[in-house]
Amino acid sequence: MVTAAQPRTAKTPSARTRANVAPGAGMGTHMVAAVMLVSAVLFLAWVRVAALHLGYELGKLRHEQDVLVQERNALEVEIGFLKSPARLRDLAVNKLGMVPAQAAATVRAPSSSEEKR
C-alpha cells in the first residue's frame, strides 16, 4: 500500500500563529537585553574606576605611613639624646646648679637584712 506523500510543513510559524503575536513583542525582549547589557558595562566601568581610585588612595596612604615612620625614628633618636646621662648631668650642673654629692654628706639607709640584726 502506497500512500501519497504529504507535503512537508515549514518550521516557521504559520500566518495564523503570527497573527496571534502582538506586533513588536520581540522588541521588548531586545530592549530588556540591551538595558541589561548597558547596565553590566556601566557597572564594570564603575568597579574599574572605584578600584583605580582606591589604588591612588592606597599609594597616598603608604607615602604618609613612610613619612610617619621616618618622623617616629627621628623622635626616638631625640628621646635617646634627651635621656643620655651626659646631657642630664650637664643640665643638673649648669642649669639647676646641682653638684655631685660628697661622700661625707651621704647617709645610707639600712637595708632590710641589717634591720633584722
Self-check item: residue 60-residue 81 FRET efficiency (beta carbon distance; Förster radius 25 Å; 0.05 resolution)
Solution: 0.20
Quiz item: Which value in nm describes the separation of the simple spin-label points at residue 68 and residue 42, placed 7 Å from the Cα toward the beta carbon?
Solution: 3.8
Practice problem: In whole Hz, with x marking every Gly and Pro, tabulate ³J(HN,Hα) for the stretch 77-94 from phi via Karplus 6.51 cos²θ - 1.76 cosθ + 1.60, θ = phi - 60°. | Solution: 5, 5, 4, x, 5, 5, 8, 5, x, 5, 5, 5, 5, 4, 5, 5, 6, 7
Practice problem: Assign one of three labels to the stretch 53-93, namely rounded, prolate or oblate, based on the Cα gyration tensor with a ≥ b ≥ c the square roots of its eigenvalues; rounded applies when a/c is under 1.5, prolate when it is not and a/b is larger than b/c, and oblate otherwise. | Solution: prolate
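No lab work stands behind these numbers, since they all come straight from the coordinates. For clarity, every value in this text was computed on a predicted model and none was experimentally measured. Please note: Cβ atoms are built from the backbone with ideal geometry, for glycine as well, and neighbour counts cover all protein chains shown.
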